[in-house]
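Only one structure is covered here, and it is reproduced in the block below.
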Amino acid sequence: MNVQNTSDASGSFPERPRNFIEEQIEQDLKSGKNDGRIHTRFPPEPNGYLHIGHAKSIVLNFGIADKYDGVCNLRFDDTNPEKEDVEYIDSIQRDIRWLGYRWHGDSRYASDYFDQFYQWAVLLVKKGKAYVCDLTGEEIASRRGTPTQPGQESPYRSRSVEENLDLLDRMRRGEFRDGEKTLRAKIDMASPNMHLRDPMIYRIKHLPHHRTGDKWCLYPMYDFAHGQSDYLEGITHSLCTLEFEVHRPLYDWFLDHLTEGPYRPRQIEFARLNLTYTIMSKRKLQQLVEKGVVDGWDDPRMPTISGLRRRGYTPDAIRSFAQNVGIAKRENLIDVAMLEHSVREDLNKKAPRYMAVLDPLKIVITNYPKGQEEELETINNPEDESMGTRRIPFSGEIYIERSDFMEEPPRKYFRLAPGKEVRLKSAYFIKCEKVIKDDKGNVTALECTYDPETKSGQTTRKVKGTLHWVSAKHAFEGEVRLYDRLFKDENPGKNKDDFMASINESSLVVRTGCKLEPALQQMKAEDKVQFQRTGYFCADLKHSRPGAPVFNQTVPLRDSWGKKGK
RNA sequence: UGUCCGAUGGUGUAAUUGGCAACACGUCUGGUUUUGGUCCAGAAGAGUCCAGGUUCGAGCCCUGGUCGGACAGCCA
């Protein structure tokens, strides 16, 4: 067997046009750069769960490694122990594996290189390219200038190499309090690029690190770690989002002063993913979790990988979505309908069909022999005959969907109404003879007659409507959770912090007392099914119990009738 | 009155690198159908941000604008 290096999912997507990054990679390949080696990396900070935007980056990085016979690293950018947690490391690794990707070798950590970074910092000091600064945070900020105005140099900028070396060593040994001193690169306080105005390299944090323990009280800034980590790992192409474009000159500056030889990781930036009715910022997602708006990072309404997984999305659907949105540099806001399309497309082929009545209305079939019951055969998936058939119990009392009956139907209503006849899927035709109501006039049940000549497969007579149903006696009652978008605004992340104001309070509807066909009782967590005529559903990972699955609605079926604004 | 990046149907990406603007999602028709699903057939919808220029020919090259985004954390 040919074991894939980075993915167990290659070859499952059709040839598509190259994106601009692949074009540049092919140019590099053509020119013989890096001896034809392709090495990418996915570099998350372990301070939150992965979301669909990360999936775009994962698919890009692992996909390119796959496509060009290269490899892809997983590296945690863990330079800030204040915000990071092993819980996130575990979840990130789990999500990447679940998506079907295998990183090259062991997981890497920026913290693996802390010794090297420190030596590099010392080297910079020795070269007169870095200095210890005593300015406070506010002082540094006030002297930084603005994008249109140059900053002022720090009074500590001209300390001698010896003094800097001594101070840096004492910083390392813990002689100073948090924030008392920093190490800064000596570049250019007047640079039009803010990142070149003597950026901070090290800051003091007396905090244990999840990997290095108490070894350090000094931690490198992301900018002093990221580019060098790529360098140390031999990354050929560092793919990242647009906001890091302005950092690139700084990464180059560090490498120019710290390393010899021509090798440089090539950074290429692309636009991050934005989805309608969704927020993608980890900080904001964390707020939803902390304020209890959602059940956790893996709440089925969350755009996180684990949320989508619980919702019933498949790795195939997410990968195909990530391929379809494409890679470019312009800002984008992708219609969430495209995500939904990807999962319907996948589940249509894979999910077996079942009968489930979410909002039951009882029907008594008056001419069906008292006490009789029978088993009817039905196909599991019309899209895939190899999925076989099963039997469903039928009897004289059944449930149908309340919305499948109208006392005064509009034109072109193909469902049940007084005097009208419909087909029960895989069973018989029934005709509505009588409407039973309570004191208040609410419909409580229907009396129908069935035509024994119309048993499934045995009649050529046609009728316009087909309904799903469940035998009352054989049904089991279950819980089904319906989801809607979490936000009412198309772009809730557009404005800074008022995204909470646009939360959709009815994004979760829990339906209890749903009537489900017996076979559904055997469903185990993460089993994916189609409820006939309703949508795709998935047995919930957290709430399902043996013999008592709880179903999450992954996505409703397309509905060209409901859409008519009826 | 900074630097960098971007601009193609409603949305997102293409356009074999200067040669009839295509594909997907979405929308709308019609057909098939024991899911108002799927599938099939078809339609509408952009003349490529604006103004000049080069060229036989420009979405693509040049010049100048306009609009949008990123950058002023001891976050990443």
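Go through A:334, A:351, A:200 and say which Cα lies farthest out towards the positive end of the charge dipole of chain A; charges sit on Cβ, +1 for Lys and Arg, -1 for Asp and Glu.
Of A:334, A:351, A:200, it is A:351.
Over region A:226-298, what is the relative contact order in whole percent, taking alpha-carbon pairs under 8 Å and six or more residues apart? If you can, show how the numbers build up before the last one.
On the way: 53 pairs, mean separation 24.7, N = 73.
Across region A:226-298, relative contact order equals 34 percent.
Full-extension gain between residue A:447 and residue A:526, please, as 0.36 nm times their residue separation minus the C-alpha to C-alpha distance.
Working: separation 79, 0.36 × 79 = 28.44 nm, distance 3.78 nm.
24.7 nm is the gain from fully extending residue A:447 to residue A:526.
Give me the Å³ per residue figure for the convex hull around the C-alpha atoms of chain A. Present the calculation step by step, with values, prior to reporting the outcome.
Working: hull volume 109.0 nm³, N = 566.
Measuring per residue, one finds 193 Å³ for the Cα hull of chain A.
So, R0 is 60 Å and r is the distance between the beta-carbons of residue A:461 and residue A:37; what FRET efficiency does that work out to, to 0.05? Write out the running numbers ahead of the final one.
Numbers: r = 68 Å, r/R0 = 1.14.
Computed FRET efficiency for residue A:461 and residue A:37: 0.30.
Counting only the backbone N, which residues of region A:342-376 are under 17 Å from the spot 7 Å out from the Cα of residue A:559 toward its beta-carbon?
Correct set: A:344, A:356-361.
Tell me which of A:376, A:124, A:98 sits at the most positive position along the dipole axis of chain A, charges placed on C-beta atoms (Lys, Arg +1; Asp, Glu -1).
So the residue furthest toward the plus end is A:376.
Taking the solvent-accessible surface of protein heavy atoms with a 1.4 Å probe, what is the per residue accessible area of chain A in Å²? Write down the numbers at each step before the final one.
Details: 26400 Å² over 566 residues.
Accessible area per residue, chain A: 47 Å².
Which value in deg cm²/dmol, rounded to the nearest 500, describes the helix-derived mean residue ellipticity at 222 nm for chain A, given -39,500 (n - 2.57) per DSSP H run of n ≥ 4 and division by the residue count? Present the calculation step by step, with values, prior to reporting the outcome.
Working: 12 runs with 133 residues, N = 566.
Taking each H run of at least 4 residues, the total per residue is -7000 deg cm²/dmol.
Roughly what angle does helix A:114-126 make with the longest principal axis of chain A, taking Cα atoms, 0 to 90 degrees, to the nearest 10?
The helix A:114-126 is inclined about 30 degrees to chain A.
Relative contact order (percent) for region A:418-511, with alpha-carbon contacts under 8 angstrom and 6 or more residues of separation?
On the way: 127 pairs, mean separation 21.2, N = 94.
After rounding, I find 23 percent.
For residue A:142 and residue A:333 in the same chain, what is the full-extension length gain: residue separation times 0.36 nm, less their Cα-Cα distance, in nm?
Values: separation 191, 0.36 × 191 = 68.76 nm, distance 3.56 nm.
Contour length minus Cα-Cα distance gives 65.2 nm.
Treating only the Cα positions of region A:13-95 as identical point scatterers, give the base-10 log of I(q)/I(0) from the Debye formula at each q in 0.21 Å⁻¹.
Computed log10 I(q)/I(0) values: -0.98.
Given 5 Å bins starting at zero, what is the percent of C-alpha pairs of region A:1-152 in each, up to the one with the largest pair distance?
Cα pair-distance distribution for region A:1-152, in percent: 2, 8, 12, 14, 14, 13, 12, 11, 8, 4, 2, 0, 0.
Please report, as a whole percent, how much of the solvent-accessible surface of region A:429-559 comes from carbon and sulfur atoms (probe radius 1.4 Å).
Values: 3060 of 6840 Å².
The computed percentage sits at 45.
In nm, to one decimal, how far is the residue A:500 label point from the residue A:434 one, both placed 7 Å along Cα→Cβ?
Taking the simple label geometry, residue A:500 and residue A:434 are separated by 5.7 nm.
Quick check: residue separation of residue A:173 and residue A:18 times 0.36 nm, minus the Cα distance between them. What number comes out in nm? Please list the in-between numbers first.
Values: separation 155, 0.36 × 155 = 55.80 nm, distance 5.12 nm.
Additional length available on full extension: 50.7 nm.
As an exercise, identify the trypsin sites (Lys or Arg not before Pro) in region A:245-298 lying in DSSP coil whose Cβ has no more than 15 other Cβ atoms within 10 Å.
Values: sites: A:266, A:272, A:282, A:283, A:284, A:291; in loops: A:272, A:291.
Here the sparse-neighbourhood loop sites are A:291.
Which shape class, rounded, prolate or oblate, goes with region A:360-433 when its Cα gyration tensor gives a ≥ b ≥ c as root eigenvalues, a/c under 1.5 marks rounded, and past that a/b bigger than b/c marks prolate? Please list the in-between numbers first.
Numbers: a/c = 2.65, a/b = 1.34, b/c = 1.98.
Verdict is oblate for region A:360-433.
Between residue A:200 and residue A:281, what's the calculated FRET efficiency when r is the beta-carbon distance and R0 is 22 Å? Round to 0.05.
Working: r = 23 Å, r/R0 = 1.06.
My answer for the efficiency is 0.40.
Just to verify a number: FRET efficiency for residue A:509 and residue A:190, C-beta to C-beta distance, R0 = 51 Å, to 0.05? Could the numbers behind the result be given before it?
Numbers: r = 59 Å, r/R0 = 1.15.
So, using R0 = 51 Å, E works out to roughly 0.30.
State, to one decimal in nm, how far the label point of residue A:485 lies from the label point of residue A:246, with both points 7 Å from Cα in the Cβ direction.
Roughly 3.1 nm, to one decimal.
List the extent of the Cα atoms of region A:361-512 along each of their three principal axes, largest first, rounded to whole Å.
65, 50, 32
Give the angle, between 0 and 90 degrees and rounded to the nearest 10, that separates the Cα long axis of helix A:248-258 from the longest principal axis of the Cα atoms of chain A.
40
Expressed as an acute angle from 0 to 90° and rounded to the nearest 10, what is the orientation of the C-alpha long axis of helix A:86-99 relative to the principal long axis of chain A?
For helix A:86-99, the angle is close to 60 degrees.
Show me the chymotrypsin sites (Phe, Trp or Tyr not before Pro) within region A:395-478 that DSSP assigns to loop and that have at most 16 other Cβ atoms within 10 Å of their Cβ.
On the way: sites: A:399, A:405, A:413, A:414, A:428, A:429, A:450, A:469, A:476; in loops: A:413, A:414, A:428, A:469.
Within region A:395-478, the qualifying chymotrypsin sites (Phe, Trp or Tyr not before Pro) (loop, at most 16 other Cβ atoms within 10 Å) are A:414.
Which one, A:89, A:47, A:367, projects farthest toward the positive side of the charge dipole computed for chain A from Cβ point charges (K/R +1, D/E -1)?
Value: A:367.
Placing unit charges on C-beta atoms (Lys and Arg positive, Asp and Glu negative, everything else neutral), compute the dipole magnitude of chain A about its Cα centre in debye, rounded to 20.
Values: 88 positive and 87 negative charges, 289 e Å.
Computed about the Cα centre, the dipole is about 1380 debye.
Using unit Cβ charges (K, R positive; D, E negative) and no other charged atoms, how large, in debye to the nearest 20, is the dipole of region A:251-376 about its Cα centre?
Values: 20 positive and 18 negative charges, 31 e Å.
Here region A:251-376 has a charge dipole of around 140 debye.
The values are calculated or read from the model by the stated rules, or taken from the named source; none is laboratory data. Predicted model only: the values in this text are computed from it and were never measured. For neighbour counting, all protein chains shown are included, and Cβ atoms are generated from backbone atoms with ideal geometry for every residue, glycine included. Ligands, DNA and RNA are excluded from the accessible area calculation, which covers all protein heavy atoms including side chains. Shrake-Rupley method; radii C 1.70, N 1.55, O 1.52, S 1.80 Å.
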